[in-house]
Every structure is written in C-alpha cells, then in structure tokens.
1. Would you confirm whether or not the stretch 179-197 contains a residue that is within 14 Å of the chain's Cα centre (by Cα), buried (at least 18 other Cβ atoms within 10 Å of the Cβ), under 25 Å from Ala92 (Cα atoms) and of a type outside the set (Gly, Ala, Ser)?
2. Would you confirm, using the coordinates I've provided, whether Ala162 is buried (at least 18 other Cβ atoms within 10 Å of the Cβ) and of a type outside the set (Val, Ile, Thr)?
3. Gly60 passes all but one of (1) under 23 Å from Tyr11 (Cβ atoms); (2) small (Gly, Ala, Ser); (3) surrounded by fewer than 18 Cβ atoms within 10 Å (Cβ to Cβ); which number fails?
4. Is it fair to say Leu146 is among the hydrophobic types (A, V, I, L, M, F, W, C), surrounded by fewer than 20 Cβ atoms within 10 Å (Cβ to Cβ) and not in a helix (DSSP H, G or I)?
5. Would you call Thr143 without any contact (Cβ under 8 Å) to a residue 24 or more places away in the chain and closer than 16 Å to Gly55 by Cβ?
6. Of the residues that sit in the stretch 78-97 and are touching a Lys or Arg at 6+ places or on another chain (Cβ under 8 Å) and not in a loop (DSSP other than H, G, I, E, B), which one is surrounded by the most Cβ atoms within 10 Å (Cβ to Cβ)?
7. Is it the case, given these coordinates, that Ala160 is farther than 30 Å from Tyr191 by Cα and touching a Gly at 6+ places or on another chain (Cβ under 7 Å)?
8. Within the stretch 98-124, count every residue that is part of a helix (DSSP H, G or I), among the small types (Gly, Ala, Ser) and farther than 21 Å from Val167 by Cα.
Amino acid sequence: MTLERRLPAFYAAFFYAFPAAIAWVWLNGVNEGRSAELWRPEALGSGAAVGLGTGLAITGATILCSRLFAWARRLESEFGWILGAQRPWEIAWVALLSGMSEEYLFRGALQEKFGLWVAAAVFAVIHWPLNRNCIAWPFVAGTVGLALGGLRIWTGALWAPAIAHVVVNAVNLARITRRFRAWDETRVDDYIGGRRP
C-alpha cells in the first residue's frame, strides 16, 4: 500500500462542511438573515479586488519568509510531506472550501460575537503544530487571522477575507506540491538548509 500524500476531495468537503454549518447556525440563530448580510452580492466586486490584492501580498510575504528563514522552509516541507501529491483541481477545491468555510466561521460568527483579537487567537490555536517543524504555524495563522479580520471590519462583509484566504491557500499549496511532489529526503534537507535543490 502506498501513502497518497493528499487530501481527497470528498474528505475535504466533509471536513469543511462542519465549520460552515456551525457558522450558519450560530449567525442565523442569533439574527435571522445575518449570513446573507455578510455575503451580500453587492460587496462581491470590491471584496474580490481587495481580497485578491491582500491574498497576493500575504502569499508574497510567505515566499519571502521561505527564502529567508529555515522555520518557514521546515513548515513548507511538512505540508509537502502531507499534501505533496494533491492534483491541481484538488488544490483549487481544498483552497476554496478552506477559505470560504473558515472565514465564515472565524471572521463571520466568531469575530462578530467575540471581536477581532479573540477570533484571531482561536484561529491561531486551531493551527496548533503537528510537530516541532510546524511550531511557527499558529503564529503565522494568528497574524494572518488579524489581517483577515481587519478586512472583514474594513469591508463589512466576508468576501474580501474569504477570497484572500482562498488565494493564499491555492498559491501556497500549488507552490508546495510543485516542490515536494516527488519526496526525496536529501532534496528536502537541502531546501530546509537554504541550499535550494
């Protein structure tokens, strides 16, 4: 049996349905129609532009970090080991599901109830490190969570943070799968050590 090193589309849909369902119940249980207000169609155009720009800026920062810091390369290699065999359409699917559902829960329901800082802190905690190579992950997630929460406050809707989140996940996952599709310990060690293969 061969390890697949990917998240199948069905499991991604199953997993990300839970945060979306929780957000929907939470928001609409308190204020019927609140979800529709946060996803209002007239905010899509400006939200898409702001989200795309922010997503590309965050992605640029992650690329810069991977060039400068071993901790970022270690984190990328962990994702490469877990998700390195994702197919291109699966990358798009996982990015879309994760970005939309997580923003609905964290920047929608949680931020509305508890505020920006608590939502970002909880977002950081759920990105708890799987092992010592991922130790920076919650700090990165918390910082990005603050930025996405700021977009939610600035635009008054969820389109901008959700699109930014989708862009970050899609571009970074595509980069990581390209680098780590074929797993080679020597190449990975060279990459982490700053000796780019």
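FYI, it's all coordinate maths here, none of it is from the lab. Since the model is a prediction, treat every value here as computed from it, not as a measurement. Backbone-built Cβ (ideal geometry, glycine too); neighbour counts: all protein chains shown.
1. As a first pass, look at the stretch 179-197 and keep what is within 14 Å of the chain's Cα centre (by Cα): none.
No, that holds for no residue.
2. On the way: buried (at least 18 other Cβ atoms within 10 Å of the Cβ): yes; of a type outside the set (Val, Ile, Thr): yes.
Yes, satisfied.
3. (1)
4. Values: among the hydrophobic types (A, V, I, L, M, F, W, C): yes; surrounded by fewer than 20 Cβ atoms within 10 Å (Cβ to Cβ): yes; not in a helix (DSSP H, G or I): no.
No: the conditions fail for Leu146.
5. On the way: without any contact (Cβ under 8 Å) to a residue 24 or more places away in the chain: yes; closer than 16 Å to Gly55 by Cβ: yes.
It is true that Thr143 is without any contact (Cβ under 8 Å) to a residue 24 or more places away in the chain and closer than 16 Å to Gly55 by Cβ.
6. Of the stretch 78-97, the ones touching a Lys or Arg at 6+ places or on another chain (Cβ under 8 Å) are 80-87, 90.
Next cut, not in a loop (DSSP other than H, G, I, E, B) only: 80-83, 90.
On the way: Gly80: 23, Trp81: 15, Ile82: 16, Leu83: 19, Glu90: 18.
So, considering only residues that are touching a Lys or Arg at 6+ places or on another chain (Cβ under 8 Å) and not in a loop (DSSP other than H, G, I, E, B), the one surrounded by the most Cβ atoms within 10 Å (Cβ to Cβ) is Gly80.
7. Numbers: farther than 30 Å from Tyr191 by Cα: yes; touching a Gly at 6+ places or on another chain (Cβ under 7 Å): yes.
So Ala160 passes the test.
8. Step one: filter the stretch 98-124 for residues part of a helix (DSSP H, G or I), giving 98-114, 116-124.
From what is left, the residues that are among the small types (Gly, Ala, Ser) are 98-99, 101, 108-109, 119-121, 124.
If we keep only those that are farther than 21 Å from Val167 by Cα too, we end up with 109, 121.
Result for the stretch 98-124: 2.
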